[in-house]
Amino acid sequence: MTRLQMLFCALGLAGLIAAPLGQGNYIVYTMTSWLVFSISAMGLNLTLGYAGQVSLAQAGFMGVGAYVTALMTLAGVPWIAAAFVSISTSFVLGLLLGYPALRVQHHFLAFVTLAFNTLLFLVLRNEEEITGGSFGLVGMPRPNVLGLATDSNLSFYYFALVCFVVAAGVMWWILRSPWGRAFKALRENPIRAESLGLKIRRQTLLAFAIGSAFGGFAGALQTPQVQFIEPHSFALIHSLKLLLMVVVGGSGFFFGPMLGAAVVILLPEVLRFTEGYYLIIYATLVILLMVYSPGGLIGAGHKIRDRLMPRTEARRDMEKGFQL
Amino acid sequence: MTAPIPSAPVLSVRAMSKQFGGIRAVNNVSFDVHKGEILGLIGPNGSGKSTLFNCILGQLRPTSGHCEIAGRSTDGVRPADLSLMGVGRTFQQLSVFPRMTVLDNVILAGQEHEGTILTRLFGRPDAGLTDKAKQLIEFFRLTPYLQTEAGALSYGQQKLVDAAMAFMAGPQIVLLDEPAGGVNLTMLAHLKERLVTYNREHGTTFVVIEHNMEFVMSLCTRIIVLAQGEIIAEGRPEDIRANPLVIDAYLGG
């Protein structure tokens, strides 16, 4: 990381610390949702943006994390232990689901994950004795951290912020390690990567399982945040929403999913004054963005920067030759 | 160039055949490549060179026959494990990672050969390979482009990056698939000179598929000519050049 980047990160963090001060409950709550979904989208970005695999089960993995945490904390287990189990469960489920699914990859993986998400929804709805069925689970306590309660929305926001920073730090560590380089290589040219000794199936599986674990972590946070969970919160539509966050923000960019989550969560609030037209405007904006900048908002930012301050021009003329 | 001293073969291909439907693309081909040799595989289009290459490299499963690298069978070995056995390769098409820097491209080419999967997560971000990668980049005179995204380089420069990647893990043998294709003359002379120097300094064995006769004749120590899936001639470049069968295969096609 350069000094400039460190400065920007410090400023960003200071902004996030200062942002909720003096805001109403609803805004603080919405910002907390943004933090939670950012963690989940960060995980999906690893699967999609770095390893190049489409997963439609990210909300499902959030559901796994949320229900595990809910059941454990309701049974009196401390949140931190429940969160640890949630993350591990999602990781292992990711491995189990990905192992057969990644033999086929790409759109087949999309179908397998779609089926998983649907199946999970049915299990959560039908296993009433454990999950409470359609009524869901209520009354999960908010965690105490070092004796400090997080019952107010503001204190829970700061708790979520700490979790967010930890998650981002872990992701940053992974991406700067040789694993991160291997994930990028998988996306750009898997055949070449394999010829250089990279075991592509294992590495892709790891990306998928780690991405799923981030989903589980986000779910573990969502449980004490909302204090009410039910199957519809983790239905397929939410997996698509997470996919949208990653793509709109800029898949394959570190800050892409955070920006995307902000847009997807905040834009409906901003567009509320348009009433019935909101969805039409929203859809049009997304289509326009995808047409003009497949790299999402961060990709669009890079395009503008390159136009204002041209550096080396990418050899677009040769792009066809890169793939075998 | 002096003739190599015969020793145990680095690559040994035995009775290899590959059939696609009714077509025998490779028919009962056997040959050995010894340490330090630069073997050229030539032949007209459709003679089976690329199919043979792909069978050796585990991209295709041969119909019959097998292949050994330094005495170890490669039957059913995946390309990744072949790389770990000491086989490097370049591709006919451009095969760099366009959105990664030249340095990252070359480090990636070596990192899977270092440590374990866990040390690659918790250890140094460059797997301790930055110096080695820089040396190799310097060897191919690419140092000015160290931090440039590989996709922004010219075609010839990308071919050099591809070659550097093939050498990064210190392979016993490198298979080069049309290294001269689409490369201009100045860059070609540079590439050839670097390959010969690398061969001399490290004793690495090369097998080269190539259409550019001038390039093959001046680079290789021995040449095998394929036509319609079979070996029709084998020998030193000057003998191959004068062989009527070879002239016939190329001109009489």
Test result for A:LEU148, in contact with a Phe, Trp or Tyr (Cβ under 9 Å, 6 or more places away or on another chain) and either at pLDDT below 85 or on the phi > 0 side of the Ramachandran plot (or both): yes
Criterion (surrounded by 23 or more Cβ atoms within 10 Å (Cβ to Cβ), at positive phi and out of contact with any Ser or Thr (no Cβ under 8 Å at 6 or more places or on another chain)) met by exactly one of B:GLY40, B:GLY86, B:GLY110, B:GLY48: B:GLY48
Only one of B:ILE223, B:ILE173, B:ILE209 that is within 30 Å of A:ALA185 (Cα to Cα) and in contact with a helix residue (DSSP H, G or I) (Cβ under 6 Å, 6 or more places away or on another chain): B:ILE209
Helices (runs of 4 or more DSSP H) lying entirely in the range B:71-181 (those with 2 or more residues that are within 9 Å of chain A (Cβ to nearest Cβ)): B:79-84, B:102-111, B:119-122, B:155-168
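Considering only the range B:192-204, I want to know if a residue exists there that is touching a Gly at 6+ places or on another chain (Cβ under 9 Å), buried (at least 22 other Cβ atoms within 10 Å of the Cβ), at pLDDT 90 or above and within 11 Å of chain A (Cβ to nearest Cβ). Can you show your working first?
Step one: list which residues in the range B:192-204 are touching a Gly at 6+ places or on another chain (Cβ under 9 Å), which gives B:199-200, B:202-204.
In the following step, the residues that additionally are buried (at least 22 other Cβ atoms within 10 Å of the Cβ) were identified as B:204.
When the remaining residues are screened for being at pLDDT 90 or above, the result is B:204.
Okay, now just the ones that are also within 11 Å of chain A (Cβ to nearest Cβ), so none.
No: the range B:192-204 contains no residue that is touching a Gly at 6+ places or on another chain (Cβ under 9 Å), buried (at least 22 other Cβ atoms within 10 Å of the Cβ), at pLDDT 90 or above and within 11 Å of chain A (Cβ to nearest Cβ).
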Verdict on B:ARG99 being basic (Lys, Arg) and closer than 20 Å to B:ALA164 by Cβ: yes
Selection from the range B:194-253 of residues that are closer than 22 Å to B:PHE91 by Cβ and of a type in the set (A, V, I, L, M): B:LEU195, B:VAL196, B:VAL207, B:VAL208, B:ILE209, B:MET213, B:VAL216, B:LEU219, B:ILE223, B:ILE224, B:LEU226
Every residue from the range B:124-154 that is under 22 Å from the mean Cα position of the chain (by Cα) and surrounded by 15 or more Cβ atoms within 10 Å (Cβ to Cβ): B:LYS132, B:ALA133, B:LYS134, B:LEU136, B:ILE137, B:PHE139, B:PHE140, B:LEU142, B:ALA150, B:GLY151, B:LEU153
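In the range A:122-137, which residues are surrounded by fewer than 19 Cβ atoms within 10 Å (Cβ to Cβ) and touching a helix residue (DSSP H, G or I) at 6+ places or on another chain (Cβ under 9 Å)? Break it down into steps so the answer makes sense when it comes.
Applying the first criterion (surrounded by fewer than 19 Cβ atoms within 10 Å (Cβ to Cβ)) to the range A:122-137 yields A:122-123, A:125-130, A:133-135.
Result: A:LEU122, A:VAL123, A:ARG125, A:ASN126, A:GLU127, A:GLU128, A:ILE130, A:GLY133, A:SER134, A:PHE135.
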Residue that is modelled with pLDDT under 95, over 17 Å from the mean Cα position of the chain (by Cα), facing another protein chain (nearest Cβ under 9 Å) and over 20 Å from B:HIS113 (Cβ atoms), where the choices are A:ARG187, A:ARG181: A:ARG187
Selection within the range A:97-121 - touching a residue at least 40 places away in the same chain (Cβ under 8 Å), β-branched (Val, Ile, Thr) and surrounded by fewer than 18 Cβ atoms within 10 Å (Cβ to Cβ): A:THR118
Tally, over the range B:198-253, of residues that are β-branched (Val, Ile, Thr), within 20 Å of B:ARG24 (Cβ to Cβ) and over 17 Å from the mean Cα position of the chain (by Cα): 2
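Conditions tested, residue by residue: (1) in contact with an Asp or Glu (Cβ under 6 Å, 6 or more places away or on another chain); (2) under 23 Å from A:ALA101 (Cα atoms); (3) charged (D, E, K, R); (4) more than 14 Å from chain B (Cβ to nearest Cβ).
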residue	(1), (2), (3), (4)
A:LEU198	yes, yes, no, no
A:LEU206	no, yes, no, no
A:GLY211	no, yes, no, yes
A:PRO224	no, no, no, yes
A:LEU236	no, yes, no, yes
A:LEU244	no, yes, no, yes
A:GLY249	no, no, no, yes
A:LEU259	no, no, no, yes
A:ALA262	no, no, no, yes
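Here is a yes/no grid of residues against (1) under 17 Å from A:THR150 (Cβ atoms); (2) without any contact (Cβ under 8 Å) to a residue 60 or more places away in the chain:
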residue: A:ALA10; (1), (2): no, yes
residue: A:ILE17; (1), (2): yes, no
residue: A:THR32; (1), (2): yes, no
residue: A:SER40; (1), (2): no, no
residue: A:LEU46; (1), (2): no, no
residue: A:GLY65; (1), (2): no, no
Count of residues meeting criterion [among the aromatic types (Phe, Trp, Tyr) and over 18 Å from the mean Cα position of the chain (by Cα)] in the range B:3-54: 1
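For the range B:51-70, how many residues are free of Cβ contacts under 8 Å to residues at least 24 places away in the same chain and at the interface with chain A (Cβ under 10 Å from one of its Cβ atoms)?
Within the range B:51-70, residues that are free of Cβ contacts under 8 Å to residues at least 24 places away in the same chain and at the interface with chain A (Cβ under 10 Å from one of its Cβ atoms) number 1.
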Hey, A:VAL248 under 13 Å from the mean Cα position of the chain (by Cα) and on the phi < 0 side of the Ramachandran plot or not: yes
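Restricting attention to helices (runs of 4 or more DSSP H) lying wholly within the range A:1-85, give those where 3 or more residues are over 21 Å from A:ALA262 (Cα atoms) and modelled with pLDDT of 95 or more. Explain how you work it out, then say what you get.
Details: elements: A:3-18, A:25-45, A:58-74.
By residue number, A:58-74.
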Subset tally (residues that are buried (at least 19 other Cβ atoms within 10 Å of the Cβ), assigned to a helix (DSSP H, G or I) and either of a type in the set (S, T, N, Q) or touching a strand residue (DSSP E or B) at 6+ places or on another chain (Cβ under 6 Å) (or both)) for the range A:234-279: 1
Which numbered condition A:MET140 misses (of (1) in a helix (DSSP H, G or I); (2) buried (at least 18 other Cβ atoms within 10 Å of the Cβ); (3) in contact (Cβ under 8 Å) with a residue 60 or more places away in the chain): (1)
Extreme residue, farthest from B:GLU149 (Cα to Cα), among residues of the range A:164-178 that are more than 10 Å from chain B (Cβ to nearest Cβ) and surrounded by 18 or more Cβ atoms within 10 Å (Cβ to Cβ): A:PHE164
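In this structure, is A:THR89 surrounded by fewer than 23 Cβ atoms within 10 Å (Cβ to Cβ) and either touching a residue at least 40 places away in the same chain (Cβ under 8 Å) or basic (Lys, Arg) (or both)?
Working: surrounded by fewer than 23 Cβ atoms within 10 Å (Cβ to Cβ): yes; either touching a residue at least 40 places away in the same chain (Cβ under 8 Å) or basic (Lys, Arg) (or both): yes.
Yes.
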Any chance A:PHE61 is of a type outside the set (Lys, Arg) and closer than 30 Å to A:SER152 by Cβ: yes
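The values are calculated or read from the model by the stated rules, or taken from the named source; none is laboratory data. None of the values given here were measured: they were computed from a predicted structure. Methodologically, a virtual Cβ is constructed for each residue, glycine included, from the backbone with ideal geometry; neighbour enumeration extends over all protein chains shown.
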